[in-house]
Number of protein chains: 4
Amino acid sequence: MDSQGRIQLAVIGAGYWGPNLVRNFTACGSAVVTHLCDLDLSRAQKVAAPYPAIATTNNLEGVLASDIDAVAIATPVRTHFPLAKQALLAGKHVLVEKPLAWSVAEGQELVALAEAQGRVLMCDHTFCYTGAVRKMREVVQSGELGDVLYFDSVRVNLGLIQSDVNVLWDLAPHDLSILDYVLPADLRPVAVSAQGVDAVGTGYASVAYLTLHFGRPVIANVHANWLSPVKVRMTLVGGTKKMLVWDDNEPSEKVRIYDKGIEIGDQDPNRIRVSYRHGACFIPVLDSTEALARMAREFCSAITGGRAPETDGAAGLRVLKALEAANRSLQAGGVRVELA
Amino acid sequence: MDSQGRIQLAVIGAGYWGPNLVRNFTACGSAVVTHLCDLDLSRAQKVAAPYPAIATTNNLEGVLASDIDAVAIATPVRTHFPLAKQALLAGKHVLVEKPLAWSVAEGQELVALAEAQGRVLMCDHTFCYTGAVRKMREVVQSGELGDVLYFDSVRVNLGLIQSDVNVLWDLAPHDLSILDYVLPADLRPVAVSAQGVDAVGTGYASVAYLTLHFGRPVIANVHANWLSPVKVRMTLVGGTKKMLVWDDNEPSEKVRIYDKGIEIGDQDPNRIRVSYRHGACFIPVLDSTEALARMAREFCSAITGGRAPETDGAAGLRVLKALEAANRSLQAGGVRVELA
Amino acid sequence: MDSQGRIQLAVIGAGYWGPNLVRNFTACGSAVVTHLCDLDLSRAQKVAAPYPAIATTNNLEGVLASDIDAVAIATPVRTHFPLAKQALLAGKHVLVEKPLAWSVAEGQELVALAEAQGRVLMCDHTFCYTGAVRKMREVVQSGELGDVLYFDSVRVNLGLIQSDVNVLWDLAPHDLSILDYVLPADLRPVAVSAQGVDAVGTGYASVAYLTLHFGRPVIANVHANWLSPVKVRMTLVGGTKKMLVWDDNEPSEKVRIYDKGIEIGDQDPNRIRVSYRHGACFIPVLDSTEALARMAREFCSAITGGRAPETDGAAGLRVLKALEAANRSLQAGGVRVELA
Amino acid sequence: MDSQGRIQLAVIGAGYWGPNLVRNFTACGSAVVTHLCDLDLSRAQKVAAPYPAIATTNNLEGVLASDIDAVAIATPVRTHFPLAKQALLAGKHVLVEKPLAWSVAEGQELVALAEAQGRVLMCDHTFCYTGAVRKMREVVQSGELGDVLYFDSVRVNLGLIQSDVNVLWDLAPHDLSILDYVLPADLRPVAVSAQGVDAVGTGYASVAYLTLHFGRPVIANVHANWLSPVKVRMTLVGGTKKMLVWDDNEPSEKVRIYDKGIEIGDQDPNRIRVSYRHGACFIPVLDSTEALARMAREFCSAITGGRAPETDGAAGLRVLKALEAANRSLQAGGVRVELA
């Protein structure tokens, strides 16, 4: 902490996402960004130009040897594990971009290490800090929807094709982290199946479908696609009482709650009596705080409060397990892979 | 044929769809509806009231013994096979509502029988006669999209839950018949996988995902759902040159063709060079002829011309094979089932 | 009345709208359509074919001399007045398509005559019988919106250009009758201004804007346009407490009620303190009864109950006054014309 | 110019818009921002923090006495005239935010002064530098639409109510400048009419309709409204050959060109023969350059090239004339006011 009780934080990585972390931690009030660290020093200097108080460096060891409290890691996925491990070993609290690591084994080691060190390990599942997703969580967990029956998410676009991962590793972490955050804690996927196609010859699927199984009559599905001419970001959540639609393309009316449903009467062997409820739709006002600002505050607050953050290492690990299982399912032609 | 050379046709079934067949065959000019046959005679009489020339009856044998040329069958699915078989054996041309029959074995017998009898067997895949689907076929088969990479269809609604089939048997015949009609004849699915959940306890899946495999890097997927609070009817078709979106909820601008795509340059082991093409969108004018009117004309024209109709028994059988394989996949937890 | 106490009604005019009246009065239960009358007898016979009990004729005098109770007039606008007058003089109740007559003078004579004869005179303002407009009326008149501040309606399309009237006479009767029905009875327009252009050389404006003034700080505006490439049917109603949007292009979510508004604090000569309220949106379920069915029932019920119907002759006359004043304003270059 | 031939520019006003000007002129390459000037020096310092090379000051005289080439004025409207006049008298090129000045008299004086001094006077009509508006201009001026018949623009929102102007002065400058830019130079409004209501008691209209007349059968209309619960930004342009829709709410498909129209055949005194053309829709790709970046380049390029910029003082003056005439029309109850 500095003299004003603010967390001293180094941002590692000055690429696409790092500047956003610098800006939001600087603005959040309870932290002060002391260093911006990048192997390419000139890139760090350019990003830090508007912040005279931030030291730029390409010497991570020096940063970790200083008395900073925490690091925020926004580097390529393959480097998450070594960097986070090094920082935890140096006694720092760690925030990592999604996905947490490159493999479940790595993720497990980080979670265990953070626990052993008594340090906060948090994964930046940014969507979980948006007003829309928080409203979804509130509605689902309050029981307003009744029991959740399905969760369907479409995330397609003419996207930036990644050359070293398939489309699920690029896009589905969003849906998986949202699902993990929104559903009740007793409703966790137990297995996955995945289908996909390497449509452009990169060696990885660029169009894929991921199904999650829950050990009871509930299903979740994610359609991830880098080759869609139109951008669709739409999630449906069906419950026994109500249903919810989240359309992230909508500028403000993103979440709609429908008082609609189906009721099955006492079953007659010959005929099922179904009644439909077509009620009103309610579009709540969403908190418009910038997601990253709220995420930054949560990291600081977890450190100060000595508690686990909302999207902690365990959450990041659950997402990683689903992704790794999805890869195995894809390679095995879509068979069901348990998340044991 | 009657004295004016018009096909004499009996409609069997006066329930939900039968009146539409009566109306369209009456209006099409090249047929005359002579009988409307239903086990519930009063229902037939009510439907036929505005058509004094149509005889109503519950005696199918009598109808088949008359000199009519053809029958159109709009009865529950389980009865398609016995009724169509009886009519073919009586030497009549046969139009059947979708799906063609209750099983692949039944469908195969009908196709073989029609061939043996030299009669037209047609399946009423109504969507294939809409202006939107015909435009899609024209665009795909002209090569304008390049090679097809994927076909994704969402067909969800707060739907009429069926008590004796799962949601795929209810909704996916539309998508499967469209896919069969739109894709080039050398691009046929070779296997399917299906995931689903019996969310409301009817004993059948009410939310399901069907994936089709093609023996090359192409994928198709259908999301069928009776429990969605909103109606979505959207199909994406991605090609190597262009991409297409069909949104059936749009009142008139249903099909959009995007001059968008991705090109992969020569591959370097370390880095893939991807270039994006973000071109214009073109919304063609669609033929607005009523689909059923065109379907009725096609049945008559195939009979008169002694040729196979566009959606013949073989097409109906291909759809049936995919549905039956989907059932096996669903029951086996989503494994891939070959369409051999 | 017939022996079952049903109103005996003749429909006059078998053109575009007449068949809808025949169908709905036949189905409504409290009326029986006895005659369908048209100068072109063969047209009447074709429309009446499915209804064996309806007599077809081109002899209006004979119809009016019979013991029928009421007539429904669906003929060209110029004939509304002579036909309605003749029917009222014969002691019949009268329903007339919109607009009520060709001039205010004619309309006034009809209203006076109906009163003198003690007969119901109703104008078929069909939109006032839709679920959407009835919900709007309920919301506005319950005070939920607070005081109405403005009413803005856009009704544009690539429309059927009329050769004998301007676009306001064709389209604005919808908006004017809705406004008359929805707003509180103490909020009536006192003057109009209209701007327009004869863009295609028919001699009449094909694009026009009609403004209604209310003698207090309230404004209403109608944009009517036959030359729009897209169909827009959207009405905004702003109140001091809430605001409402009716988008008739939406298949089901037509009316949205926004808990949004602006509050002006105590005024300081130099600065106005404005506070904004951005609350939730509520989309009510609308009654889905067919509008014409409800209109037919209302006509019958008004006759039976000896009371004025919802859209009575007086309402039709108010619409007519605004239209006639709009014409004068158009001809005088947009000056304000009082509705005295 | 500085030693690298870049225009030396001072930005005056560090409020809402000033920072955008600083950022864009800094980035444009052909200018260097030397000063940021604001009466509130601390505000200027805060904005200039990321730009160490920019001097901050509240001493405008000193800035104008320096050897800078140009100023960009982003201050309250009432100060545009004195500041721009002072800068022109000091021999500087001047860019002013819209509207150009507080009155036509002021605007005329500025235009005359710029001409006398041989300096560039430009009005920042930002929308004219967007890809959408430039495409509209290209389409209209190429003759693709045929002759323009109407221009209809809706610009409504729950907006920031201004306390010293009516809603037309706040919002309509956008539409008026777009109209001025898009329409052919021989199609200029000759008169205006305006209707409005002071719905919230600020002393100025908060809902208003502005009609522009052209001395031939062409009409333009702007609906400006601060009290709409939904944001609508939609412009329709109808031509004799084609029609165009610009929906600025669309994230990317903002401009659609419809091959639709109406043709009037030879006129028969009794019946007009109208034929409709319902052709395809084309959605062009728009240049996605940031509008302000293009505007900044245009100002620099006009200075360097010694030519008038696209949205020069004369264009700003035409917008101002329409606004001032609209005020007179509003005050006189909507009468037509000539733009002589």
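Only the coordinates and a few stated rules stand behind these numbers; no lab work does. All values reported here derive from a predicted model rather than from experimental measurement. Neighbour counts are summed over all protein chains in view; Cβ atoms, including those assigned to glycine, are modelled from backbone coordinates with ideal geometry.
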Report the extension gain between B:Ala55 and B:Arg188 in nm, rounded to one decimal, defined as 0.36 nm multiplied by the number of residues separating them, less their alpha carbon distance.
-> 43.6 nm
Calculate the spin-label point distance for D:Ser3 paired with B:Arg307, positioning each point 7 Å from the Cα along the beta-carbon direction, and give it in nanometres.
-> 8.2
Say the dipole of region D:7-119 comes from +1 at the beta carbon of Lys and Arg and -1 at that of Asp and Glu; which of D:Ala114, D:Cys37, D:Leu21 then lies farthest toward its positive end?
-> D:Leu21
Quick one: in chain C, whose Cβ comes closest to the C/B rotation axis, and how close in angstrom?
-> C:Pro50, 2
In nm, to one decimal, how far is the C:Ser142 label point from the A:Glu263 one, both placed 7 Å along Cα→Cβ?
-> 2.2
Set of lysines near C:Lys46 by C-alpha distance (under 27 Å), chain-local residues within fewer than 8 positions excluded | B:Lys46, C:Lys92, C:Lys98
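Find, among the GluC sites (Glu not before Pro) in region B:273-340, those assigned to loop by DSSP (not H, G, I, E, B) with at most 16 other beta-carbon atoms within 10 angstrom. Spell out each step's value before the answer.
Numbers: sites: B:Glu290, B:Glu298, B:Glu310, B:Glu324, B:Glu338; in loops: B:Glu290, B:Glu310.
Answer in residue order: B:Glu290.
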Between region D:33-75 and region B:88-110, how many Å separate their Cα centres?
-> 84
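B:Ala332 to C:Arg277: FRET efficiency via 1/(1 + (r/R0)^6), r the Cβ-Cβ distance, R0 56 Å, to the nearest 0.05? Don't jump to the answer; show the numbers that get you there.
Numbers: r = 56 Å, r/R0 = 1.00.
Taking R0 as 56 Å, the efficiency between B:Ala332 and C:Arg277 is 0.50.
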Going by alpha carbons, how many degrees (0 to 90, nearest 10) lie between the helix axis of A:104-117 and the longest principal axis of chain A?
-> 60
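When the helices in the protein assembly as shown are scored as -39500 (n - 2.57) per DSSP H run of 4 or longer and the sum is shared across all residues, what 222 nm value do you end up with, to the nearest 500 deg cm²/dmol? Walk me through the numbers before you get to the answer.
Working: 36 runs with 436 residues, N = 1360.
When only DSSP H runs of four or more count, the value is -10000 deg cm²/dmol.
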Around B:Leu121, with a cut-off of 9 angstrom between Cβ atoms, what is the net charge of the other residues, counting Lys and Arg +1 and Asp and Glu -1?
-> -1
Going 7 Å from the Cα of A:Lys231 toward and past its Cβ, which residues in region D:227-255 have a backbone nitrogen under 17 Å from where you end up?
-> D:247-255
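What is the sum of charges around B:Pro50, taking Lys and Arg as +1, Asp and Glu as -1, for the other residues whose C-beta is under 12 Å from the C-beta of B:Pro50?
Details: positive: B:Arg23, B:Lys46, C:Arg23, C:Lys46; negative: none.
Overall, the nearby charge balance is +4.
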Angle between the Cα long axis of helix D:80-89 and the longest principal axis of chain D, 0 to 90 degrees, nearest 10?
-> 60
Within region A:7-119: Cβ-based charge dipole about Cα centre, in debye rounded to nearest 20 (Lys, Arg +1; Asp, Glu -1) | 260
Taking the label point 7 Å from Cα in the Cβ direction, how far apart in nm is B:Pro52 from each other copy of itself, listed shortest first?
-> 0.9, 9.9, 9.9
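Net charge near D:Ala280: determine it from the other residues with C-beta under 10 Å of the C-beta of D:Ala280, scoring Lys and Arg +1 and Asp and Glu -1. The partial results should precede the final answer.
Working: positive: D:Lys260; negative: B:Glu253, D:Asp259.
Surrounding charge for D:Ala280 is -1.
Based on the Cβ-Cβ distance from A:Glu250 to B:Gln108, what FRET efficiency comes out when R0 is 51 Å, to the nearest 0.05? Display every interim value, and only then the final one.
Working: r = 49 Å, r/R0 = 0.95.
Computed FRET efficiency for A:Glu250 and B:Gln108 comes out at 0.55.
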Roughly how tilted is helix B:18-27, in degrees to the nearest 10 and between 0 and 90, from the longest Cα axis of chain B?
-> 80
Tabulate in residue order the Karplus-calculated ³J(HN,Hα) for region A:287-302, using 6.51 cos²θ - 1.76 cosθ + 1.60 with θ = phi - 60°, rounded to whole Hz; enter x for Gly and Pro.
-> 5, 9, 4, 4, 4, 5, 5, 5, 4, 4, 4, 5, 4, 4, 5, 5
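Name the chymotrypsin sites (Phe, Trp or Tyr not before Pro) in region A:1-49 that are in a loop by DSSP and that have at most 14 other C-beta atoms within 10 Å, would you? Intermediate values should be presented prior to the final figure.
Working: sites: A:Tyr16, A:Trp17, A:Phe25; in loops: A:Tyr16, A:Trp17.
When the chymotrypsin sites (Phe, Trp or Tyr not before Pro) of region A:1-49 are filtered for loop state and at most 14 Cβ neighbours within 10 Å, A:Tyr16 remain.
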Here the correct list, in nm and shortest first, of distances from C:Ser301 to the same site in the other copies, label points 7 Å along Cα→Cβ, is 5.0, 5.4, 6.7
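Contact order normalised by length for chain A, with contacts defined as Cα pairs under 8 Å and 6 or more residues apart; what percent is it? Please report the intermediate quantities before stating the final value.
Working: 733 pairs, mean separation 63.3, N = 340.
Dividing the mean separation by the residue count of chain A yields 19 percent.
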Considering only the label points, 7 Å along Cα→Cβ from Cα, what distances in nm to one decimal separate D:Ala280 from the same position in each other copy, shortest first?
-> 0.9, 4.6, 4.6
Please find, in a Gaussian network model of chain B (springs between Cα atoms separated by less than 10 Å), the residue of B:Ile219, B:Ile264, B:Ile303 whose mean-square fluctuation is greatest.
-> B:Ile264
